[in-house]
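*Asks:* Quick one: the structure is below, and I'll ask about it shortly.
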Amino acid sequence: MIGAADVVLVAGAGVLAGIVGTAGGITSLISYPALLAVGVPALTANVANIVALVTCGPGAALASRPELAGRAGWVRRWSFAAAAGGTAGAILLLLTPAGSFSRMVPYLVAFGSVALLVQPRVSALRDGPGRGNTGVLLAGLLLICAYSGYFGAGSGVMTLALLLFTVDSHLARANALKNIIVGIATAISALILVLAGPVDWKVVLPLAVGLITGSLIGPKVARRVPAAILRWLVALVGLSLAAWLWANQA
């Protein structure tokens with residue numbers, strides 16, 4: 001049972017997590033440890049975090065309208081891959097022992113963070129993102145969205161790195177698309193988890209309120225902060241999360 005102080009802590013962590021996540025960083029770096037800090041068991045915290053993260057999607061989309069202009073067709077095409085991946089991840093979470101898949105998490109997050117840093121150099125050697133990368137994008141979205149539906153910490157950074165490589169090298173535009181894709185995968189995963197088992201709504205609700213508040217601010221931060229600075233900040237946050245997850249593996 002969490003108290004009033006815990007509710008305030010979780011809501012405040014949600015605001016900060018929403019800002020960081022929708023600006024290009026990793027939402028769960030803040031929200032997931034906050035749930036653990038108030039005594040929520042790891043698996044329950046994971047489910048609650050996924051369900052609460054649904055609220056980031058609408059706020060981020062609303063705040064990212066300039067970057068999403070003209071991208072409705074792209075979102076419709078690739079939303080199916082995001083939904084399929086999120087479905088697979090939620091089913092995997094329900095069928096496999098807790099923690100079996102999460103052993104890979106620190107390495108995946110670290111890879112996504114490093115990829116984010118090297119993306120400008122790699123893109124400079126190519127004709128540009130979005131050319132001949134359909135297969136890479138499809139496979140990447142299916143895998144990352146499946147991971148997002150299973151655990152999710154770091155899926156934003158990995159999705160952002162993938163979209164920068166394959167779709168749009170402009171950080172703010174790629175970040176806006178990332179928020180939509182991750183939002184779709186999270187929503188379908190959350191729906192399955194809510195229908196399949198118990199959810200600790202006492203922590204979901206304050207976290208959700210904080211997340212939607214922060215998600216309205218994050219895209220504006222991404223729009224104003226210079227791309228190089230934001231890229232390094234996001235990558236450093238990702239590497240920090242990878243180190244934290246590795247150090248706290250059971």
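The values are calculated or read from the model by the stated rules, or taken from the named source; none is laboratory data. Here the structure is a predicted model, which is why all the values come from computation and not from measurement. When we count neighbours, we look across all protein chains shown, and the Cβ atoms used for this are built from the backbone with ideal geometry, even at glycine.
*Asks:* Between a first residue in the range 142-170 that is under 17 Å from Leu117 (Cβ atoms) and a second residue that is assigned to a helix (DSSP H, G or I) and charged (D, E, K, R), which pairs have beta carbons less than 7 Å apart while being 6 or more apart in sequence or on different chains?
*Replies:* As it stands, the answer is Gly156/Lys178; Thr159/Lys178; Leu160/Lys178; Leu163/Lys178, since those pairs meet every condition given.
*Asks:* Surrounded by fewer than 19 Cβ atoms within 10 Å (Cβ to Cβ) and either under 30 Å from Arg121 (Cβ atoms) or modelled with pLDDT of 90 or more (or both): which single residue out of Leu191, Leu211, Leu245, Leu230 fits that description?
*Replies:* On the way: Leu211 fails: surrounded by fewer than 19 Cβ atoms within 10 Å (Cβ to Cβ); Leu245 fails: surrounded by fewer than 19 Cβ atoms within 10 Å (Cβ to Cβ); Leu230 fails: surrounded by fewer than 19 Cβ atoms within 10 Å (Cβ to Cβ).
One residue alone meets the criteria, Leu191.
*Asks:* Is the range 192-200 home to any residue that is under 13 Å from Val20 (Cβ atoms) and touching a residue at least 60 places away in the same chain (Cβ under 8 Å)? Even if it seems obvious, please write down each step before you answer.
*Replies:* Looking only at the range 192-200, we keep the residues that are under 13 Å from Val20 (Cβ atoms), and these are none.
No, the range 192-200 contains no residue that is under 13 Å from Val20 (Cβ atoms) and touching a residue at least 60 places away in the same chain (Cβ under 8 Å).
*Asks:* Has the range 152-165 got at least one residue that is of a type in the set (S, T, N, Q) and farther than 16 Å from Arg231 by Cα?
*Replies:* Within the range 152-165 (the criterion being of a type in the set (S, T, N, Q) and farther than 16 Å from Arg231 by Cα), the answer is no, since none of the residues qualifies.
*Asks:* Return the pair list, or none, for Cβ contacts closer than 6 Å from residues in the range 212-236 that are touching a residue at least 60 places away in the same chain (Cβ under 8 Å) and over 23 Å from Val114 (Cα atoms) to residues that are part of a helix (DSSP H, G or I) and among the β-branched types (Val, Ile, Thr), at least 6 apart or on different chains.
*Replies:* As it stands, the answer is Thr213/Val15; Gly214/Val15; Gly214/Ile19; Ser215/Thr22; Ile217/Ile19, since those pairs meet every condition given.
*Asks:* Would you pick out the residues in the range 223-238 that are of a type outside the set (Phe, Trp, Tyr), assigned to a helix (DSSP H, G or I) and over 16 Å from Ala17 (Cα atoms)?
*Replies:* Arg223, Arg224, Ala227, Ala228, Ile229, Arg231
*Asks:* Applying the selection to the range 1-15, what residues are among the aliphatic types (A, V, I, L, M) and within 18 Å of Ile50 (Cβ to Cβ)?
*Replies:* Of everything in the range 1-15, those that are among the aliphatic types (A, V, I, L, M) and within 18 Å of Ile50 (Cβ to Cβ) turn out to be Val10, Ala11, Ala13.
*Asks:* What residue, of Arg121, Arg71, is more than 26 Å from Val7 (Cα to Cα) and either surrounded by fewer than 13 Cβ atoms within 10 Å (Cβ to Cβ) or modelled with pLDDT under 85 (or both)? Steps first, answer last, please.
*Replies:* Details: Arg71 fails: either surrounded by fewer than 13 Cβ atoms within 10 Å (Cβ to Cβ) or modelled with pLDDT under 85 (or both).
Being more than 26 Å from Val7 (Cα to Cα) and either surrounded by fewer than 13 Cβ atoms within 10 Å (Cβ to Cβ) or modelled with pLDDT under 85 (or both) holds for just one of Arg121, Arg71, which is Arg121.
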